[in-house]
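Everything below concerns the one structure shown next.
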Amino acid sequence: MKRGRKVGAYADVKPYVHKSLSDFIDSENVSGIHTFHERGRGIDVLYEDRNSDVLLVFFSAALVSKNTFPYFSGRSVARKSGFSLLAFSDPSVALDTNILTGWTLGDARYPFHRDIPAIVRKYSEGRRIMFVGASAGGFPALHFGSLFPESVTMVMNPRTSVWTPPTHIQFSADTLFPGMTPEQISEIIPTRLGPAKNTVVFLQNASDDPYYSAHALPYLTTQAPTESVFWRLGEWGDGHVAPPGYEISEILSALVNADSWASGAISAGCTQLTDPAAIDAEHTRLGFNSPVISAVAQDLVKISRIENRLAVAISRLESVESDNKDLRKQIEWMNRTKTAHIPPGCQVGRGANIAPNVMLMANVHANPIEIGANTKILRDAEWIGPIKVGTGCYFNKGSYLRAEVTIGNDVLVGPFVRFVTDSHEMGPESKRGGPYLRTPITVGDGVWIGASVTIVGKVSIGAGAVIAAGSLVNKDVPANTLAGGVPAKVIKQLPTSESVA
């Protein structure tokens, strides 16, 4: 159900409607709620001018189902501090009341994050910029702050990866990014944070275990050591609780009134990030046990470290025109160590092993993928659902499965085997590739398919059959037979327990 729109909640602010982003960018910088339309999405931006040389750029945390939109955060803090305010209402939450946040990044139809820097530049000329966000609003505050190196970002209990629980992007991916894999989503929107390129003040409630362990520690660990990130653990209540408004205003004032963002952070009681162990020591000193970093967060730490090393290595390659084979091998090795993601809509059985660089394209409703227990898929595979694979199967490297493939139990698939179910009806001479057809492929239990076999639908391979390497299968293969050739033909009948008896 779509979320209700209620601009009247901001009756004290004048509304302005613009035909497009370009019309909005060219408009006068006047206080009000500015709404523009791009790619079928209505985008709401709140600007309050207080003749201040400081622009507070505020991103909202996750909403609850009953909240209407547009929804803006930061008005009270900006008013108390006397700063001009630029606040964004997350457009994704308008699509469904079950979507509580889109991290103010946009979706497959409109990647809003690409236009936010231009909006910030519109209002920030000649001003110092302070990006602020709590919880889900912390991610965009950190991301966009890094695009403005002279700015400062202050975040409170932020999410630092959109893939990491709680309430990660998988819950809304089907609506925002239908049919896309995590890799494809990551190509459209930023989903993880790189090294901070501006000053960052990171405030974390000490008792907020899920965010402390799954977001704060992984982010700060991958940033350290650095001269631009400052941290502070607070005790603001039990769980996911942000600092009170007066404390936020005090920290912002300390930042603004100091000679530099760094000295302002220190005067506000923050510590420069040099050693992540100091954070855990402070956490223990405050009387809290050190929670275990979740497996997902640990993977993100590993990936971030690898990617940081990779960025340094690539930078060296670009600056030094050399065929340094050792360095190139290191880069290739680091690329291979990235972790495969299991997309929503992909059901994986206990003990299944899916190697890195495997691409699974699945969607809960339209193209699910079901992988049975103890099935193993080696690297460089590409599968497009709907697909159903049984238990105990083995797929050597480079397997390629299109939609509508069903495979039984204990099937052995050699390297570079292709299951092709896409076809077309014969068209007229002007275009022989006529209307699209999907032709299912079914493989029975215990089948062995040799290397570099191509199977094109509509085909059924009976249980216990063997397909010789390099064959083209375009007709049904009976159970317990050996087939091979181009096109494949039955070569002989294979023995069975009944025939041996």
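Couple of notes before you dig in:
- Selection status of Thr284, of a type in the set (S, T, N, Q) and in contact (Cβ under 8 Å) with a residue 12 or more places away in the chain: no
- Taken over the stretch 229-239, the criterion of being without any contact (Cβ under 8 Å) to a residue 40 or more places away in the chain and in a loop (DSSP other than H, G, I, E, B) is satisfied by Trp236, Gly237, Asp238, Gly239.
- Sole residue being surrounded by fewer than 14 Cβ atoms within 10 Å (Cβ to Cβ), on the phi < 0 side of the Ramachandran plot and part of a strand (DSSP E or B), chosen from Val45, Val57, Val30, Val17: Val17
- Breaking point among (1) in a strand (DSSP E or B); (2) modelled with pLDDT under 95; (3) not aliphatic (A, V, I, L, M), for Ser65: (1)
- Output for the stretch 125-135, where each listed residue is more than 18 Å from Ser52 (Cβ to Cβ) and surrounded by fewer than 24 Cβ atoms within 10 Å (Cβ to Cβ): Ser135
- Matching option when the condition is in the same structural domain as Leu437 (by TED's automatic domain parsing), touching a residue at least 60 places away in the same chain (Cβ under 8 Å) and under 27 Å from the mean Cα position of the chain (by Cα), among Ala381, Ala366, Ala403: Ala366
- Ile303 vs. criteria surrounded by 15 or more Cβ atoms within 10 Å (Cβ to Cβ), outside any loop (DSSP other than H, G, I, E, B) and either β-branched (Val, Ile, Thr) or at pLDDT below 55 (or both): yes
- Listed conditions (1) modelled with pLDDT under 95; (2) among the hydrophobic types (A, V, I, L, M, F, W, C); (3) farther than 24 Å from Met359 by Cα; (4) surrounded by 14 or more Cβ atoms within 10 Å (Cβ to Cβ) are all met by Val473, apart from (1).
- For the stretch 264-290, a tally of residues being polar (S, T, N, Q) and in a loop (DSSP other than H, G, I, E, B) returns 3.
- Of all residues in the stretch 172-198, those that are within 20 Å of Cys346 (Cβ to Cβ) have Cβ atoms under 6 Å from Cβ atoms of residues that are hydroxyl-bearing (Ser, Thr, Tyr), 6 or more apart or on another chain, in Leu176/Ser92.
- Beta carbons closer than 6 Å, at least 6 apart along the sequence or on distinct chains, never pair a first residue in the stretch 240-254 that is on the phi > 0 side of the Ramachandran plot with a second that is surrounded by 19 or more Cβ atoms within 10 Å (Cβ to Cβ) and among the small types (Gly, Ala, Ser).
- Some residue of the stretch 201-209 being surrounded by fewer than 20 Cβ atoms within 10 Å (Cβ to Cβ) and under 25 Å from the mean Cα position of the chain (by Cα): yes
- Odd one out for Pro117 among (1) surrounded by fewer than 17 Cβ atoms within 10 Å (Cβ to Cβ); (2) modelled with pLDDT of 95 or more; (3) under 30 Å from Leu233 (Cβ atoms): (3)
- Which numbered condition Phe139 fails, given (1) over 20 Å from Arg75 (Cβ atoms); (2) at pLDDT below 95: (2)
The values are calculated or read from the model by the stated rules, or taken from the named source; none is laboratory data. Source: prediction; values computed, not measured. Please note: Cβ atoms are built from the backbone with ideal geometry, for glycine as well, and neighbour counts cover all protein chains shown.
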